[in-house]
Amino acid sequence: MSKAARKNTAASAPADKMQWWTEARFGMFIHWGLYALAARHEWVKQRERIPDEVYQKYFDHFDPDLYDPAAWARMAKAAGMKYVVLTTKHHEGFCLWDSRYTDYKAPNTPCGRDLLRPFVDAFRAEGLRVGFYYSLIDWHHPEFPVDRVHPMWTNDEFKRAHAGRDVRKYADYLYHQVEELMTDFGTVDVLFLDFSYPDPQGTGKGHEDWRSERLLKMIRRRQPGIIVNDRLDWPGFDFVTPEQVMVRRWPERDGRRVPWETCQTFSGSWGYHRDEATWKDERQLLALLIDTVGKGGNLLLNVGPTARGTFDARAAARLEAMGRWMHVNGRSIYGCTQPPDWVKPPEHCRATWNPATGRLYLHLFDWPLGTLYCDGLGGRIEYAQILSDASEVGVRTGPGGHWLSREQGITDETAILSLPVLKPADTVPVIEIFLKR
Ligand code: JFZ
């Protein structure tokens with residue numbers, strides 16, 4: 001993260017603009033482009049140093065005949081996701097929409113059509129908010145100066161032949177393309193620009209290259225309500241984006257908690273990867289979601305559709321599983337955030353809290369035998385139930401008469417919940433606690 005970005009005061013964004021996003025908590029990322037044909041990571045062109053002439057075969061064969069964005073939107077909604085962010089252009093430079101500023105776009109492939117408008121319409125029709133990812137990096141554009149993230153970075157001959165590239169011309173291209181995206185598709189709820197890597201050696205790129213200030217002004221003028229991420233190397237963003245990590249605590253800038261969203265993959269690739277096997281299981285994915293919300297953040301979970309235009313079975317199965325859980329337990333996610341500090345979640349528990357309803361949610365990653373001791377909650381509980389079936393959970397407070405209690409650290413601050421021996425069927429059971437007001 002650059003200096004300019006670190007100085008940001010994301011907290012100054014108008015609260016009402018962020019409200020839908022903060023309540024949503026769970027969104028779908030979609031990485032889709034020509035790399036789906038290679039099916040071995042969206043950085044394949046750079047990783048394998050593939051020249052344009054060779055990469056062209058993916059453009060010539062891009063024909064997603066099964067593309068059905070309405071089906072994607074239904075799957076996202078069924079999973080419990082409230083918004084979507086699609087790669088309109090990734091680093092490879094290929095555009096899913098019918099841009100006036102390039103021929104390197106879906107309508108000119110065997111696909112023969114704009115893919116973005118039907119996407120926007122389909123997700124809106126399902127009631128989801130729509131966001132665009134746009135890559136600042138471009139491995140296809142003839143004026144993008146060859147730097148250390150470029151596929152031809154190690155090719156001296158190529159670098160000599162292309163030494164005259166002018167980043168100002170590229171900045172104009174990117175400005176016009178983003179302007180198109182901000183103008184031609186109605187309301188755009190989120191913009192995810194990716195990414196900056198300024199460095200003093202001059203082998204990186206940052207706000208001076210992108211002309212970030214000018215770009216951001218235009219974005220806000222065209223889309224006053226839009227929520228923009230923090231990868232422009234420039235202040236004035238709305239949320240920060242810790243990627244592929246589970247944060248230890250709510251991220252801060254200048255000592256203040258800021259809106260944050262972590263983007264994560266199901267497996268070890270963003271683009272469709274046929275042979276990659278490190279797929280997270282349902283429980284890990286739920287832990288990621290619950291942990292994120294319990295620290296005040298959003299989860300943007302990625303699907304990399306195939307080149308036929310489908311979600312593969314591994315992604316579909318995980319979305320379904322999360323949807324089953326969300327259907328009954330979504331109340332512990334939507335509108336929830338980090339609980340007040342006096343809540344000390346018991347062992348193997350993660351807590352979320354809904355400040356509007358005053359309800360606390362304990363997610364039990366290990367089902368204890370009969371009793372759950374909750375320090376900090378003694379005398380504060382009005383009522384408790386298992387969320388998935390609304391069955392009452394008995395609550396007592398304090399040490400009572402038992403001779404072991406004092407020795408076991410049970411005090412008046414301790415609430416004692418009586419749980420059934422049998423673990424509920426949910427992958428991660430949730431106790432819903434109505435706190436006294
Ligand atoms: C990027 C892309 O390169 C990647 O292909 C994918 O699109 C992902 C969502 O974003 O990679 C990044 C960008 C920024 C950081 C890490 C990976 N970062 O700031 O740590």
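Structural remarks
- The angle separating the long axis of helix 167-183 from the principal Cα axis of greatest extent in the chain is about 60 degrees.
- Accessible area, probe 1.4 Å, largest first, for residues W270, W210, W353: W353, W270, W210
- Estimated FRET transfer efficiency (D63, R396; beta-carbon r; R0 60 Å; 0.05): 0.40
- Applying the Karplus relation 6.51 cos²θ - 1.76 cosθ + 1.60 with θ = phi - 60° to region 323-334 yields 3J(HN,Hα) values of x, 4, 5, 5, 4, 9, 10, x, 4, 8, 10, 5 Hz, where x marks Gly and Pro.
- Extension gain (nm, one decimal) between D103 and E53, 0.36 nm per residue minus Cα-Cα: 16.5 nm
- The residues of region 126-184 expose, per residue, 40 Å² of accessible area to a 1.4 Å probe.
- Within the accessible area of the chain (1.4 Å probe), percent carbon and sulfur: 49 percent
- The modelled label-to-label distance for the pair E213/D184, using points 7 Å beyond Cα in the direction of Cβ, is 3.0 nm.
- Top positive-direction residue, dipole computed over the chain with Cβ charges, set V178, A163, W353: W353
- FRET efficiency, 1/(1 + (r/R0)^6) with R0 30 Å, evaluated for A313 and T154 via beta carbons: 0.20
- Rounded to the nearest 10 degrees, the angle from helix 212-222 to the longest Cα principal axis of the chain is 70 degrees.
- Solvent-accessible area of E213 with every protein chain in place, 1.4 Å probe, in Å² to the nearest 10: 90 Å²
- In nm, spacing of pseudo-spin labels at R220 and H176 (7 Å Cα→C-beta vector): 2.6 nm
- Straight-distance candidates among the lysines for linking to K159, with alpha-carbon spacing under 17 Å and chain neighbours fewer than 8 residues away dropped: K45, K205.
- Straight-distance crosslink candidates among lysines, where the alpha carbon sits under 18 Å from K436 and sequence neighbours closer than 8 are dropped: K344
- Sequence ranges 217-223, 39-45, ranked by mean other-Cβ count within 10 angstrom, highest first: 39-45, 217-223
- For region 242-333, the antiparallel share of DSSP beta bridges with both residues in that region comes to about 20%.
- Residue order for F132, F158 - accessible surface, 1.4 angstrom probe, largest first: F158, F132
- Solvent-accessible area of E282 with every protein chain in place, 1.4 Å probe, in Å² to the nearest 10: 50 Å²
- Heavy-atom accessible area ranking, 1.4 Å probe, most first, across M75, M326: M75, M326
- At full extension, R249 and F434 could sit 64.1 nm farther apart than now, given 0.36 nm per residue minus the alpha carbon distance.
- Within the listed set G297, G378, G255, the residue fluctuating most in the Gaussian network model of the chain (springs between alpha-carbon atoms under 10 angstrom) is G255.
- In the chain, a dipole from Cβ-located charges (positive for Lys and Arg, negative for Asp and Glu) runs towards its positive end, and of Y35, L116, L288 it is L288 whose Cα lies farthest in that direction.
- The alpha-carbon of K82 sits under 22 angstrom from the alpha-carbons of these lysines, leaving out residues fewer than 8 places away in its chain: K17, K280, K295.
- Using C-alpha pairs below 8 Å separated by at least 6 residues, the relative contact order for region 203-303 is 22 percent.
- Beta bridges per DSSP, both residues in the chain: antiparallel share near 50 percent.
- Accessible area per residue for region 60-105 is 36 Å², calculated with a 1.4 Å probe on protein heavy atoms, without ligands, DNA or RNA.
- Computed from Cα atoms, the angle from the helix 116-125 axis to the main principal axis of the chain rounds to 20 degrees.
- Here D121 and W342 are evaluated by their C-beta separation; at R0 = 45 Å the FRET efficiency comes out at 0.45.
- Extending 7 Å from the Cα toward the beta-carbon at both T278 and L404 defines two label points whose distance is 4.2 nm.
- Euclidean distance of C-alpha centroids, region 164-218 and region 322-399, integer Å: 44 Å
- Annotation: per residue accessible area for region 228-352 equals 40 Å², rounded to a whole number [probe 1.4 Å, protein chains only].
- Estimated purely from DSSP H runs of n ≥ 4, each contributing -39500 (n - 2.57), the mean residue ellipticity at 222 nm for the chain is -7500 deg cm²/dmol once divided by its residues.
- For the chain, the Kirkwood estimate of hydrodynamic radius, built from reciprocal distances between every pair of different alpha carbons, is 23.4 Å.
The values are calculated or read from the model by the stated rules, or taken from the named source; none is laboratory data. Bear in mind that the values here come from a model prediction, so they are computed numbers and not experimental data. Cβ atoms come from the backbone with ideal geometry, glycine included; neighbour counts cover every protein chain shown. Heads up: the accessible areas ignore ligands, DNA and RNA and are worked out on the full protein's heavy atoms, side chains in. Shrake-Rupley method; radii C 1.70, N 1.55, O 1.52, S 1.80 Å.
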